[in-house]
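Everything on this sheet refers to the single structure shown next.
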Amino acid sequence: ERILFVDDEEMVVTLYEDMISFLGYQITAISSSEEAWSLFQADPDSWDLVITDLTMPFISGDELAGMMTRLRPDLPVILCTGHSNRLSDDDLKKAGVTRFLMKPMIMDHLAFAIRETLGQKKRVNSA
């Protein structure tokens, strides 16, 4: 399964790239939301899951999720942040966000969230 991970902090990108690849997923980790959008547009069907930070310059994570899910409505998106009160449940739903995680994410919680989110997608697609 292929995961696109987006966060504007290089150190965070490196940390989670290592963590997610250790869990056995193919990961492309990017520190620019604009670059992530370009990469996604080039081949929207090549991604099984997007994990994005909320607060980023140029394109925020909720905006990025909305753009991606408008292009591919079945795409699961996990939105991550260290700031808890910026978006309501309705805002997340409108942006196409499947799941919301608070930073810092420990490996067990991240692994569970990824597996559960990808499992939900497979159940929906096979129904």
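The values are calculated or read from the model by the stated rules, or taken from the named source; none is laboratory data. No experiment lies behind these values; they were computed from the predicted model shown. Here Cβ is always computed from backbone atoms with ideal geometry, including for glycine, and neighbour counts include all displayed protein chains. Each accessible area value is taken on the protein alone, full model and side chains, heavy atoms only, with ligands, DNA and RNA left out. Shrake-Rupley method; radii C 1.70, N 1.55, O 1.52, S 1.80 Å.
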| In the set 60, 38, 33, which member is more than 18 Å from residue 97 (Cα to Cα) and free of Cβ contacts under 8 Å to residues at least 60 places away in the same chain? | 38
| note | Of (1) without any contact (Cβ under 8 Å) to a residue 40 or more places away in the chain; (2) within 13 Å of the chain's Cα centre (by Cα); (3) assigned to a helix (DSSP H, G or I), residue 28 satisfies every one except (3)
| request: Could you tell me whether any residue of the stretch 45-66 is open to solvent by 80 Å² or more (accessible area, probe 1.4 Å), outside any loop (DSSP other than H, G, I, E, B) and hydrophobic (A, V, I, L, M, F, W, C)? | output: no
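Results for (1) within 18 Å of residue 34 (Cα to Cα); (2) small (Gly, Ala, Ser), shown as yes or no for each residue.
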residue	(1), (2)
50	yes, no
56	yes, no
69	yes, no
77	yes, no
82	no, yes
92	no, no
98	no, no
103	no, no
| query | Among 90, 74, which is the only one that is open to solvent by 70 Å² or more (accessible area, probe 1.4 Å), more than 19 Å from residue 7 (Cα to Cα) and part of a helix (DSSP H, G or I)? | reply | 90
| field | Selection count where residues are within 21 Å of residue 119 (Cβ to Cβ) and out of contact with any helix residue (DSSP H, G or I) (no Cβ under 7 Å at 6 or more places or on another chain), scope the stretch 46-73 | value | 5
| remark: Inside the stretch 19-36, the number of residues satisfying the requirement of being open to solvent by 30 Å² or more (accessible area, probe 1.4 Å), farther than 15 Å from residue 118 by Cβ and in contact with a strand residue (DSSP E or B) (Cβ under 9 Å, 6 or more places away or on another chain) is 5
